[in-house]
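A short write-up of the structure that comes next.
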Amino acid sequence: MDDRIVKLFVKRDILTAKRKVTLVGWLTGAILVMLLLAVLVAGVQFAIGGLKPVGSMPAPPAVTPTPTETSHSEGASEAGGLCPASWTVWKTRHPLTGAEIYDAPLEVKQCVKAHYLEFFRAVAPRELSEFDPARAARLGAFPMEAPPAEVRTARYTKRVVAVTTFAADGLHCKVADYIEGGRIQTYKWPAGELIGDKSLPDQVIVYAMEYDGDSGRWKVAHPPGQASTPLAVQELSDGIPAVVAQLYGCVEE
């Protein structure tokens with residue numbers, strides 16, 4: 001080792017000719033002792049559990065998305081039974097298109113279908129004798145004080161009503177009404193005079209439905225004071241697809 005470095009820590013006393021530790025040497029030694037003590041203390045704490053390795057910290061819990069829950073008043077169906085007072089919707093795939101949609105429990109979809117058919121049959125019964133203006137007004141077809149001047153009857157050889165595509169809030173959905181062999185007859189009301197008779201092409205008509213919390217019923221959505229307008233109408237060149245009838249079942253007309 002270089003003598004000049006050694007002389008920084010140790011030097012010879014002039015009087016006694018003995019080697020003595022310099023101030024720099026003492027300070028350096030003290031620092032080394034403190035470092036050794038710190039390492040020793042840390043080792044003891046680690047051994048008794050005072051310190052833990054960083055890798056032993058628990059991982060944050062996984063976040064699981066929860067379905068949307070909807071609570072409402074119960075609504076009665078004329079077909080019998082009450083609709084659910086609350087229900088949950090969840091994400092799934094549309095069975096026909098594969099698009100991502102929200103779905104609801106079967107009893108909710110049955111309620112939507114029942115309310116839709118009740119409204120439809122109140123507005124367009126199978127026979128003119130089945131038309132009840134008080135019932136139609138009660139279901140919101142028109143104001144009680146303003147009955148219609150004309151009434152249409154509607155009959156089909158085959159019909160499928162599919163309830164699908166709920167909104168994330170569970171309060172809105174779509175109804176696809178598939179029809180074959182449709183025939184519409186129009187009568188003056190209340191005279192009952194036949195003024196129109198036409199056949200309809202096989203087609204699917206899509207309506208928007210919304211839940212009315214005041215009445216507890218599902219209704220065809222439309223702007224206030226305006227008639228219900230379909231979201232889409234598409235002709236079916238080959239009639240109702242078999243897969244649609246299998247998935248949703250035929251309506252008993």
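Just to verify a number: FRET efficiency for His172 and Leu200, C-beta to C-beta distance, R0 = 22 Å, to 0.05? Write down the numbers at each step before the final one.
Values: r = 27 Å, r/R0 = 1.23.
With a Förster radius of 22 Å, E is 0.25.
How compact is the range 86-169 by the rule of thumb for globular proteins, expressed as Cα Rg over 2.2 N^0.38 Å?
Numbers: Rg = 16.5 Å, N = 84, 2.2 N^0.38 = 11.8 Å.
For the range 86-169, the normalised Cα radius of gyration is 1.39.
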Distance in nm between label sites at Ser215 and Trp90, each 7 Å beyond Cα in the beta-carbon direction? 3.2
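Using the scaling law 2.2 N^0.38 Å as the reference, what is the normalised Cα Rg of the range 113-161? Could you put the intermediate results ahead of the total?
Values: Rg = 11.0 Å, N = 49, 2.2 N^0.38 = 9.7 Å.
That works out to 1.14 for the range 113-161.
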Ordered by packing density, taken as the mean number of other Cβ atoms within 10 Å over each peptide's residues, highest first, how do 207-214, 194-201, 139-146, 113-120 rank? 113-120, 207-214, 139-146, 194-201
Size-normalised alpha-carbon gyration radius of the range 202-253, reference 2.2 N^0.38 Å: 1.45
Within a 10 angstrom radius of the beta carbon, how do Thr164, Thr97 rank from fewest other beta carbons to most? Thr97, Thr164
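First measure r as the distance between the Cβ atoms of Gln246 and Thr186, then evaluate 1/(1 + (r/R0)^6) with R0 = 30 Å and state the FRET efficiency to the nearest 0.05. Kindly include the intermediate steps, with their values, before the conclusion.
Numbers: r = 34 Å, r/R0 = 1.13.
FRET efficiency, Gln246 to Thr186: 0.30.
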Would you mind checking Lys158/Lys219; Lys113/Lys188; Lys91/Lys174 for any pair whose Cα atoms are more than 26 angstrom apart? Lys113/Lys188
For Thr88, what residues show an amide H to amide H distance below 5 Å, using hydrogens built from the backbone and excluding near sequence neighbours? Thr70
Once the principal axes of the Cα atoms of the range 68-248 are found, what is the range along each, listed largest first in whole angstroms? 50, 41, 29
Pairwise label distance in nanometres, Arg138 with Glu253, each label 7 Å out on the Cα-Cβ vector: 2.7
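Every number in this text was worked out from the coordinates using simple rules, so none of it is lab data. These figures come from a predicted structure and were not determined experimentally. Virtual Cβ from ideal backbone geometry, glycine too; neighbours counted across all protein chains shown.
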